[in-house]
1. Work out the charge dipole of region 140-382 with +1 on the Cβ of Lys and Arg and -1 on the Cβ of Asp and Glu about the Cα centre, then indicate which of 152, 349, 311 is farthest towards its positive end.
2. Tell me which trypsin sites (Lys or Arg not before Pro) from region 232-328 have a DSSP coil assignment and no more than 14 other beta carbons within 10 Å of their own.
3. What share of the DSSP beta bridges in region 140-382 is antiparallel, in percent to the nearest 5?
4. To the nearest 20 Debye, how big is the dipole of region 153-295 about its Cα centre, given +1 on the beta carbon of each Lys and Arg and -1 on that of each Asp and Glu?
5. Among 274, 82, 176, whose Cα projects farthest towards the positive end of the dipole of the chain, with charges put on the beta-carbon of Lys, Arg (+1) and Asp, Glu (-1)?
6. Mind ranking 126-136, 41-51 by how tightly packed they are, going by the mean number of other C-beta atoms within 10 angstrom, highest first?
7. Excluding same-chain pairs closer than 8 in sequence, count the lysine pairs in the chain whose Cα atoms lie under 30 Å apart.
8. Let me spell out the model: positive unit charges on the Cβ of Lys and Arg, negative unit charges on the Cβ of Asp and Glu, origin at the Cα centre of the chain. What dipole size does that give, in debye rounded to 20?
Amino acid sequence: MASPSHRDALREPRYSRGIQRALACTPHPSASIAGSTRIARLESFYVRPRWLFVRIETEGGVVGWGEGTLEGHTEAVQGSLADVARRIVGWDAMNIEDIYAYLYRHRFYRGGEVLMSAMSGVDIALWDIKGKVLGVPVWQLLGGAVRERCEVYGWIGGDRPADVLEQARARKAQGFTKVKMNATEALGWLDSPHALDETVRRLEEVKSIGIDAGLDFHGRVHKPMAKQLARALEPHRPLFIEEPLLPGHVNELKDLYNKTTIPIALGERLFTRQDVRPYLEAGCIDIIQPDIAHAGGISETRKIATMAEAYDVGVAPHCPLGPLAFAASLQVGFATPNFVICEMSWQMHYNTGGFDLLTYMTNPEVFAVRDGHIDLLTAPGLGVELDEALIRAEAAEAATLPPWSNPVFRGPDGAVREW
């Protein structure tokens, strides 16, 4: 058998002239009509299992779709989107940076998860429009492809992790080479050390079938337990530990970082470059995980990635969400040198009631997992085609139901614990 270096040498001629992907560019007919790219209307649709889609249409009839899902805060984001729609109808959809700067900077109060999620849905939809008007995928607009496929991972175990071995086997059969699972159930601020034993056992089980696993501490593990858990896991080499402490504890995270060799990832609850900056400057993370549906969409996620590259930090988008957020994350990944892997919500534990990642798509084949990767998306815009009639019908029904809210964890004394 050839050595790894020899195999690499054999493959090298394929890239002797870089990434080759010949695509014909066919602009939309409205591209040649002055004023046709002005925003005519903005709509939002809450659809199950827990997603908020944004639809923007131009005067020339081009429709762009985005996602502003903020789990557990749907109505707040919908209210913000109503305000945004009032402000930007009539603006040129092609001027994405101008619209982003206006929505973010033209208010005395800025940032935060609600406004940034609303802006994310709008921003993603605008990039989708721009790609469709010009007839190119979004990654072309971001500087072109630096890879031919993006690595992805699936979830196992659920909120209260169990049956992880069988689920890991199922994921491996689906084509995944990496998975993620919650590290623990609810934990007390200071819990029994034995409460961590099952976490180690689950990781051992999953790795026994030849698949790598990241462990999501989910902010459930406070400092007294986090340092114990990191040390217990270290001999078993998880892919990463995610959000080992709650956001905001930069100095505490730095202390933990210096106690372990396990890569540390976080970022789903950081919403701008300003939020990310202290973690990069402190040198306390290895992987940044912006959520494109919370962090300002494609525009801000790409800027976070560029800033992270200067600190030798990789980018692994957080994305337990719908097809639009996933496609947008992949578009950034295709054009970003320090991209490492992306979360994928296909058959995730939150996707219940017959609603899943592919439910609203008419071209689900573009998300086929092959050897742990998703191939380059080549259609104009985000590369995702949606069943608009289904979305409208589902949104009308979902509007009569309470939106999704996260479970509430309590300890044996009745006190609320971190979910």
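Here, each number is a calculation from the coordinates, and none is a lab measurement. Computed from a predicted model, the values in this text were never measured in an experiment. Here the Cβ is made from the backbone with ideal geometry for all residues, glycine too, and neighbour counts use every protein chain on show.
1. 311
2. Values: sites: 254, 259, 269, 273, 302, 303; in loops: 259, 269.
Here the sparse-neighbourhood loop sites are 259.
3. Restricted to region 140-382, the bridges split so that about 15 percent are antiparallel.
4. 260 debye
5. 274
6. Working: 126-136: 23.7, 41-51: 20.5.
Sorting 126-136, 41-51 by mean packing, highest first, produces 126-136, 41-51.
7. 26
8. Dipole of the chain, to the nearest 20 debye: 640 debye.
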